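Reviewing the structure listed below.
The values are calculated or read from the model by the stated rules, or taken from the named source; none is laboratory data. Note that the coordinates shown come from a computational prediction; the quantities given were computed from them, not determined experimentally. Neighbour counts run over all protein chains shown; Cβ positions are idealised from the backbone, glycine included. For accessibility, only protein heavy atoms count, side chains too; no ligands or nucleic acids. Shrake-Rupley method; radii C 1.70, N 1.55, O 1.52, S 1.80 Å.
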Amino acid sequence: MDISKLIRKNILSLTPYSSARDEFDHVAEVYLDANENPFENGYNRYPDPYQKKVKERLSEIKGVATENILLGNGSDEVLDLIYRAFCEPGGDNVISHNPSYGMYPVLSEINNVPLRKVNLDEGFRLNAQAMIDVSDDQTKLFFICSPNNPSGNLLAKEEIKKILDLQKGLVIIDEAYIDFAATDSWLSELANYPNLIVCQTLSKAWGLAGLRVGMCFASEAIIKVLNAIKPPYNVNELSQQAALKALNEEEDFKSNLKIILDEKLKMEQALDELPCILKRFPSDANFILVRVEDAKGLYDFLMERQIIVRNRSKEYLCENCLRLTIGTPEENRRLLEGIKEYNRT
Ligand SMILES: *Cc1c(COP(=O)(O)O)cnc(C)c1O
């Protein structure tokens with residue numbers, strides 16, 4: 001599959017901005033090339049535009065070569081870069097499933113690239129053929145969110161493979177929640193599919209939403225074009241340092257992850273005992289989607305008690321559904337208390 005055929009023509013012929021650090025990235029004693037302030041304060045120098053140290057550590061953790069990694073100012077930036085590299089505004093289109101992550105339609109609007117939504121079935125399962133059926137020659141991207149937000153479930157590998165095998169466009173698998181799932185990442189399939197892009201983030205299981213560090217894993221051809229259009233210094237120095245520190249403290253990551261997964265199990269059991277929870281959907285993520293009689297009523301009741309959950313009622317298949325993020329044991333206890341109190345009213 002020739003990726004360059006999918007790239008927008010103006011991007012293919014682009015001469016990328018060449019920063020001072022692009023032209024000289026070796027070690028020297030005197031740096032007078034970037035109009036920086038010479039007085040050291042920890043942050044007076046521009047950050048590494050390619051975040052080499054962070055990528056080297058990620059490469060060890062993920063088993064992916066640094067050439068196959070791109071970092072963004074959150075995975076939201078990565079998703080936007082993918083739109084801008086491959087989709088001609090006003091001509092091309094992209095496909096996703098419904099319900100799914102709310103940023104895909106927003107990015108579609110911003111980039112003027114129509115998003116064709118294909119409904120999941122009532123068990124939130126993916127129908128690959130239905131996605132293929134709505135595609136045409138102008139389809140550039142397929143967005144698959146697995147585990148899916150807001151439903152929480154993994155989408156079937158065999159279905160996703162049908163879309164990859166079609167080789168019609170790029171397949172972006174958004175794995176923001178993959179660390180919570182008891183399954184392998186799609187990263188192990190990168191070598192088999194030149195049209196596969198896997199997006200992950202430090203915002204969820206790594207607990208670093210405030211840093212804004214998103215990860216993109218793909219073939220060198222794809223990473224190269226995304227590098228060419230990204231803002232040169234898109235991940236700032238503070239974020240790079242803090243990301244590297246966290247990635248070097250993998251034990252903390254693992255112990256926090258275990259607490260969240262244990263808590264999720266407890267919450268699932270406790271929710272199943274509550275009469276006002278009409279349905280609890282299975283979750284491979286760090287949140288649980290539940291259906292209640294009156295989502296707005298429970299939402300408002302909890303809010304008065306200073307507990308905020310997410311009302312997803314307006315989403316397809318999510319009528320009267322609330323999305324509950326797993327918090328600390330104390331926060332989860334308060335949520336359960338709140339719901340029990342609501343039960344009694
Ligand atoms: C939270 C989330 C992200 C993370 O976005 P960042 O910009 O990296 O914080 C990406 N995709 C999905 C589906 C999410 O729910």
Which members of the stretch 299-328 meet the condition of being open to solvent by less than 60 Å² (accessible area, probe 1.4 Å), assigned to a strand (DSSP E or B), free of Cβ contacts under 8 Å to residues at least 60 places away in the same chain and out of contact with any helix residue (DSSP H, G or I) (no Cβ under 6 Å at 6 or more places or on another chain)? LEU324
Looking only at the stretch 71-85, filter to residues that are within 8 Å of the ligand (Cβ to nearest atom) and hydrophobic (A, V, I, L, M, F, W, C); which one of those is nearest to ASN112 (Cα to Cα)? LEU79
Search result, residues across the stretch 33-86 that are among the basic types (Lys, Arg) and touching a strand residue (DSSP E or B) at 6+ places or on another chain (Cβ under 6 Å): LYS55
Taking only pairs six or more apart or across chains, which ones have beta-carbon atoms under 9 Å, a first residue in the stretch 94-114 that is under 17 Å from ILE163 (Cβ atoms) and open to solvent by 10 Å² or more (accessible area, probe 1.4 Å), and a second residue that is away from the ligand (no atom under 12 Å from the Cβ) and not acidic (Asp, Glu)? ASN98/LYS117; ASN98/VAL118; ASN98/ASN119; ASN98/LEU120; ASN98/TYR316; ASN98/LEU317; SER100/LYS117; SER100/LEU120
Can you tell me how many residues in the stretch 262-298 are outside any loop (DSSP other than H, G, I, E, B) and either modelled with pLDDT under 95 or over 18 Å from SER151 (Cβ atoms) (or both)? 9
Only one of SER203, SER219, SER146, SER188 is away from the ligand (no atom under 16 Å from the Cβ) and either touching a Lys or Arg at 6+ places or on another chain (Cβ under 7 Å) or over 30 Å from ASN10 (Cβ atoms) (or both). Can you tell me which? SER188
Check whether at least one residue in the stretch 209-229 is in the same structural domain as ALA85 (by TED's automatic domain parsing), closer than 22 Å to GLY74 by Cα and of a type in the set (S, T, N, Q), and report yes or no. yes
With the condition kept exactly as written, say whether any residue in the stretch 100-118 is assigned by TED's automatic domain parsing to the domain that holds ILE197, aromatic (Phe, Trp, Tyr), in contact with a Ser or Thr (Cβ under 7 Å, 6 or more places away or on another chain) and more than 12 Å from the ligand (Cβ to nearest atom). no
So which of PRO38, PRO89 is away from the ligand (no atom under 16 Å from the Cβ) and closer than 30 Å to ASN119 by Cβ? PRO89
